[in-house]
Each structure stands twice: as C-alpha cells, then as structure tokens.
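Worksheet: one structure, shown below.
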Amino acid sequence: MKIKEFILLDGCSIAIQFDQAWFEEHISFLIKLILDNIADAQIVERILGADREYVRFNWLNNQFILHFESYSQSSWIEDESLDNIKIIELFHQINAQNNSRS
C-alpha cells in the first residue's frame, strides 16, 4: 500500500489518499507511512475510537492531528492551532518527500 497523494484543502487541512482500500487493522502501518514523510515528526499520543483513530504529533513546535475514519476510509491532517501557514508548510514538506519516493 502506498500514498497516492496529499491534497491541501482550503489551506486548513491535508487529505490523504491511498492507492488501495484500507481497513482498521492497517492504521498502524499507515501512520508510519505518513509520518515517514515528515522529518522530525514526533508522536505525542494516539487515541483509539470505535471507527476513528487520532494521532497527535509535533512538527516544528506545532501540534497536528492525523485522523483516520474507518467507515469512510478517510484520512487527513489538521493543525491543532488552526495556523494555516504551518499546515501549508507541512503540506509542501510531505508532498515533496512523498514525490521523491515515487
């Protein structure tokens, strides 16, 4: 399984699309796959829910939340501080890193 693309949505979140369907048991692998594209990202906590999972991580002194929703197979990143500049910087970082691995 690979990341198909990162999509910047309205400058406030990053949608993540994969090249194939994923299920709840794949989330640990997907977290690693995504965070491997973010230099110096550090996981702060992981929160498990019934059909959702969240990973809070730090990057450049900002906290972001990586979301997974199993039923819709949706995955996205938000900046917890709602700082659009940082989410745009993060988008450019992960997109460039992912493209270099393709």
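Of all residues in segment 1-30, those satisfying the criterion of being over 17 Å from residue 83 (Cα atoms), in contact with a strand residue (DSSP E or B) (Cβ under 6 Å, 6 or more places away or on another chain) and not aliphatic (A, V, I, L, M) are 4, 5, 6, 17, 18, 19. Only one entry in 43, 14, 47, 34 is closer than 15 Å to residue 99 by Cα and either touching a Cys at 6+ places or on another chain (Cβ under 6 Å) or not aromatic (Phe, Trp, Tyr) (or both), namely 34.
With respect to residue 36, is the statement that it is surrounded by fewer than 18 Cβ atoms within 10 Å (Cβ to Cβ) and charged (D, E, K, R) true? In short, yes. Taking every residue in segment 78-102 that is under 14 Å from residue 8 (Cα atoms) and pairing it with any residue that is part of a helix (DSSP H, G or I), at least 6 positions away or on another chain, the pairs with Cβ-Cβ distances below 7 Å are 79/86; 79/87. Among residues of segment 59-83 being out of contact with any Phe, Trp or Tyr (no Cβ under 8 Å at 6 or more places or on another chain) and not hydroxyl-bearing (Ser, Thr, Tyr), the one that is farthest from residue 17 (Cα to Cα) is 61. For segment 31-52, the tally of residues that are touching a strand residue (DSSP E or B) at 6+ places or on another chain (Cβ under 7 Å) and either in contact (Cβ under 8 Å) with a residue 40 or more places away in the chain or over 22 Å from residue 83 (Cβ atoms) (or both) stands at 7.
The numbers here are math on the coordinates, done by the rules we state, and not lab data. The shown structure was predicted, so the numbers you read here are calculated from the model rather than taken from an experiment. Cβ: placed from backbone, ideal geometry, glycine included. Neighbour counts: every protein chain shown.
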